[in-house]
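Notes follow once the structure below has been shown.
The values are calculated or read from the model by the stated rules, or taken from the named source; none is laboratory data. For clarity, every value in this text was computed on a predicted model and none was experimentally measured. Backbone-built Cβ (ideal geometry, glycine too); neighbour counts: all protein chains shown. For the accessible areas, the whole protein counts, side chains as well, though only heavy atoms, and no ligand, DNA or RNA atoms are used. Shrake-Rupley method; radii C 1.70, N 1.55, O 1.52, S 1.80 Å.
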Amino acid sequence: MVTSMSRPLLEISNLNAYYGKSHVLQGVDLRVNSGELVVVVGRNGMGKTTLLRSVLGLPPVWRKGAIVFNGQETVKKLTHETAAMGIGYVPQGRLLFPSLTVDEHLQFAYRNKKKNSQWTPDAVYELFPELKQRARVSGARLSGGEQQMLAIGRALVTNPILLMMDEPSEGLSGLVTQRVEQTCRHLISQGMTILLVEQNLEVAQALAHRAYVFYNGRVAYEASGDIFRKDRETVGNYLGI
Ligand SMILES: Nc1ncnc2c1ncn2[C@@H]1O[C@H](COP(=O)(O)OP(=O)(O)O)[C@@H](O)[C@H]1O
Ligand SMILES: [Mg+2]
């Protein structure tokens, strides 16, 4: 059976990434099919954030290889051109503006979008009602969980077809982590495609349709979600747990 699940939305081949002379990603092959939630796990410093930055060509990373998104080669494109093709990015550490309010973050990210798009600031407030109550509060005064919801909302209002999230559960309580996990499930049920870097192995195992383990800038292990959930020992060895 051919389903939309088997159509590659993002296909990365022989990706090499550098910071100056430092050769961080060394020949990475990775695929995200339409409708999938693909997780990337690995210890600190293994190149997970560099992978996401490479997809968008975010400086100072310099990349070489093939990155085909939605049928188009993107390696020669500028960051904003690739993002405008439909990639939403939730960076590690949220990276909000301390002095902008919740609503200003959402309106600013939404500013150039067509008014009939699915994800408006109001739609984000429906997804995260607690953010609506905090609409006039500045980024600096939000709790970690509220910051993470806002970082996700800010990516959603760009109306992406691929959402890349970098360690969204980092520094959050178990309860808020569950909320992030539910949000991922909800978005997938609505047809979103997600590339998730996640250091919390339980969350990664709970969500993965497919998984990659990074080790020293390479893909050390790749499996379907079901096999990834069973291979605790192998995966644990790579993660040092
Ligand atoms: N801006 C940068 N300049 C130079 N080296 C960097 C930079 N960012 C990350 N690195 C290095 O690249 C490697 C991979 O980092 P990163 O992709 O952040 O790993 P991860 O997200 O898996 O923790 C590490 O050795 C890190 O020190
Ligand atoms: Mg990282």
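With a Förster radius of 22 Å, plug the Cβ-Cβ distance of R31 and Y215 into 1/(1 + (r/R0)^6) and report the FRET value to the nearest 0.05.
0.75
Please list, in chain and number order, the residues 5+ apart from V24 or on another chain whose amide H is under 5 Å from its amide H, with Hs placed from the backbone.
Correct list: A17, Y18, Y19.
Hey, what does the equivalent ellipsoid look like for the range 28-162, semi-axes from the Cα gyration tensor as sqrt of 5 times each eigenvalue, largest first, whole Å? Walk me through the numbers before you get to the answer.
Numbers: eigenvalues 150, 63, 38 Å².
Equivalent-ellipsoid dimensions as semi-axes: 27, 18, 14 Å.
Which length gain, in nm to one decimal place, applies between V68 and S13 when the Cα-Cα distance is subtracted from 0.36 nm times their residue separation?
18.9 nm
Quick one: which of K21/K76; K48/K132; K21/K77; K48/K76 span more than 27 angstrom between C-alpha atoms? Show your work: numbers first, answer last.
Values: K21/K76 20 Å; K48/K132 32 Å; K21/K77 22 Å; K48/K76 21 Å.
Violating the 27 Å limit, Cα to Cα: K48/K132.
Mind giving me the FRET efficiency for T79 and S6? R0 is 30 Å, r the Cβ-Cβ distance, nearest 0.05 is fine. Kindly include the intermediate steps, with their values, before the conclusion.
Details: r = 29 Å, r/R0 = 0.96.
Calculated value: 0.55.
What distance in nm lies between label points placed 7 Å from Cα along the C-beta direction at K230 and Q118?
Label-label distance for K230 and Q118, simple model: 3.3 nm.
At a 1.4 Å probe radius, carbon and sulfur cover how many percent of the accessible area of the range 1-160?
Details: 4080 of 7820 Å².
After summing per-atom areas, the C and S share lands at 52 percent.
Can you tell me the Rg and the Dmax, both Å, for the Cα atoms in the chain?
17.3, 51
Out of the trypsin sites (Lys or Arg not before Pro) in the range 133-241, which ones are loop residues according to DSSP with at most 12 other C-beta atoms within 10 Å? Walk me through the intermediate numbers first.
On the way: sites: R134, R136, R141, R154, R179, R185, R210, R218, R229, K230, R232; in loops: R134, R136.
Loop-located and lightly packed - R136.
Once you list every other residue whose beta carbon is under 13 Å from the beta carbon of Y215, what net charge do they have if Lys and Arg are +1 and Asp and Glu are -1? Before the final figure, lay out each step's value.
On the way: positive: R43, K48, R218; negative: E222.
Cβ neighbours under 13 Å give a net charge of +2.
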